[in-house]
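The values are calculated or read from the model by the stated rules, or taken from the named source; none is laboratory data. This structure is a prediction, so every number in the text was calculated from the model and none was measured. Here the Cβ positions follow ideal geometry from the backbone for every residue, glycine too, while neighbour counts run over all protein chains shown.
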Amino acid sequence: MNQTINQNLGQTIKLNDPSLLQTQAFIDGQWINADSNETLPVINPANNQLLASVAKCGQSETRRMIDAAHRAQKLWATTTAKERARLLRNWYELIINNQEDLAQIITAEQGKPLSESRAEITYGSNYVEWFSEEAKRIYGDLIPAPTANKRLMVLKQPVGVVACITPWNFPNAMLTRKIAPALAAGCTVVCKPASATPLSALALVYLAEKAGIPKGVVNIVVGNTQEIGDELTSNPLVKKLTFTGSTQIGKQLIEKCADTVKRTSMELGGNAPFIVFENADIDAAVEGAVASKYRNAGQTCVCSNRLLVQASVYEEFTKKLALAVKLLKLGNGSDNNTNIGPLIDKKAAEDVCNLIDDAVSKGAQIVTGGARAEAGDNFVQPTILTDVSPEMRLFSEEIFGPVAPLIKFETEEEAVELANDTEFGLAAYFYSQNNNQIWRVSEQLEFGIVGVNEGIISNEMAPFGGIKESGQGREGSKYGLDDYLELKYVCLGGIE
Ligand code: NAP
């Protein structure tokens, strides 16, 4: 462990346990510097200050961690489910015991308000708890045989070494959602978190080590994205890639995995519709819209991206939403009063403002916000736009910022058609108090997740994932282990 770096870190992030701030790669149970000794800066997006410098690894370190994970997997797969469950439970408890420190790290490197960071630790750790329990319920099958002298069985076995690539918007939870089911199934993992937010991931891995998870089972590197990605996707020892990130990068990774026919799970981008029907409880719809739109400054894959509002309640909804949004306080996430932090970097803020400008140039009206905020380069004001139409870029592109575009519709058919008019299919929301409409619209929406009269839909007990170009596979729930297990059919013949 590099003491100099650690002392610097202590000044920028105040922690009860400074040893959580790891800056090296973790391979085969060892914390190591990059072979080149190069480092990568980690920046606080609220003030652009340097938080840390982490080991900048490349192909050679990635290959070594894959070899280590391959060696460890043989032994890990032979541990009992009860033992794997016990170690995952230890990890869960350590995460919970260090919740406040882990939340401070998220806010420092990612920018979200501390209250949201604390919630992310709860959310992320719930997957570890859930899969510690599910580890004990990986049942096979006994199939009735077509002839009397045979017995047919199905065994569920771990896929093998799993590569996990994660984004910066939920630097803790996106990783636990992958590592926990992989380990529960008997797989080992090689992880590459986002370059912008490696500290949360390194702290998690440090706690996994403390929990007693054997060396080689969990490994992590950060650094040269292209080199690491190419090795993870081409190395034949990696049997599966689980990726959370943009659709653009996900498509590239699927192509690269094709050469070695790796299994892939893809949690990709979204373009969620949020429909308000005229019979909705408008106050509840406003509350749900604020929660689903402005959480993490609009940087979640399930953020509502297009608010479709029925003409008869359009004005009322717009007024009430504007009142609620004007109350949101923008600032440094470490300030307890802050509701909206910065975007991840200056480019992200510029991209969001370009989407606003494009919409305004094509006739959208700004109700509130509409520009960069005084708080700093990376901040965008919480914004509401009305008179939005499908030819504006933000109708079809993922905004990933605190901008709510309002679109007026007349009929249910029109709303469903507008909602489905996207290549994405992750989350959708609608508010209605009509039971028939609730069934009809739930069934017609082409999305993996539908929130009805609810703006917050994620939890470890439910299957999270998208259809269409939002991905394949599900994380969490009783289905979440399937992606990490192979089915093996055993036919036992010659039975007298
Ligand atoms: P991103 O640019 O696709 O990056 C995601 C991860 O992929 C990062 O670790 C990134 O590394 C890595 N990466 C980029 N290029 C790569 C390559 N050639 N080979 C291997 N890895 C590569 O996405 P992001 O901007 O971090 O995250 C935002 C996106 O994630 C949004 O589209 C959002 O909707 C999506 N998301 C989806 C879900 C879901 O569950 N469906 C959840 C959260 C976020 P670097 O950081 O080093 O570039």
Filter result (hydrophobic (A, V, I, L, M, F, W, C) and free of Cβ contacts under 8 Å to residues at least 60 places away in the same chain) within the range 168-202: Ala173, Leu175, Ile179, Cys191, Ala194, Ala201
Unique match (being of a type outside the set (Val, Ile, Thr) and within 16 Å of the ligand (Cβ to nearest atom)) among Pro113, Pro171, Pro144: Pro171
Cβ pairs under 6 Å, 6+ apart, first in the range 155-167 and at negative phi, second in a loop (DSSP other than H, G, I, E, B) and more than 16 Å from the ligand (Cβ to nearest atom): Leu155/Gly140; Lys156/Ile138; Lys156/Gly140; Pro158/Gly186; Pro158/Cys187; Val159/Cys187; Val161/Leu237; Val162/Cys187
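Looking at Asp358, Asp351, Asp283 in this structure, which one is without any contact (Cβ under 8 Å) to a residue 40 or more places away in the chain and within 21 Å of Thr422 (Cβ to Cβ)? Spell out the reasoning first.
Details: Asp351 fails: without any contact (Cβ under 8 Å) to a residue 40 or more places away in the chain; Asp283 fails: within 21 Å of Thr422 (Cβ to Cβ).
Step by step, each of Asp358, Asp351, Asp283 is checked, and only Asp358 is without any contact (Cβ under 8 Å) to a residue 40 or more places away in the chain and within 21 Å of Thr422 (Cβ to Cβ).
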Residue among Thr338, Thr300, Thr383 that alone is closer than 15 Å to Ile399 by Cα, touching a Gly at 6+ places or on another chain (Cβ under 6 Å), among the β-branched types (Val, Ile, Thr) and at pLDDT 95 or above: Thr383
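Would it be correct to say that Ala184 is crowded, with 24+ Cβ neighbours inside 10 Å and either within 9 Å of the ligand (Cβ to nearest atom) or not in a strand (DSSP E or B) (or both)? Full working, then the answer.
Numbers: crowded, with 24+ Cβ neighbours inside 10 Å: yes; either within 9 Å of the ligand (Cβ to nearest atom) or not in a strand (DSSP E or B) (or both): yes.
Answer is yes for this residue.
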Conditions (1) over 22 Å from the mean Cα position of the chain (by Cα); (2) within 27 Å of Phe400 (Cβ to Cβ): number failed by Asn172: (1)
Filter result (within 23 Å of Asn235 (Cα to Cα) and touching an Asp or Glu at 6+ places or on another chain (Cβ under 7 Å)) within the range 155-176: Gln157, Val159
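Name the helices (runs of 4 or more DSSP H) wholly within the range 1-115 that hold at least 2 residues that are surrounded by fewer than 21 Cβ atoms within 10 Å (Cβ to Cβ), free of Cβ contacts under 8 Å to residues at least 60 places away in the same chain and more than 24 Å from the chain's Cα centre (by Cα)? Break it down stepwise before answering.
Details: elements: 3-12, 59-78, 81-97, 99-110.
Correct list: 3-12, 59-78, 81-97.
Does the range 412-433 contain any residue that is of a type in the set (Phe, Trp, Tyr) and surrounded by fewer than 23 Cβ atoms within 10 Å (Cβ to Cβ)?
At the first step, the residues of the range 412-433 found to be of a type in the set (Phe, Trp, Tyr) are 424, 429-431.
Next cut, surrounded by fewer than 23 Cβ atoms within 10 Å (Cβ to Cβ) only: none.
No.
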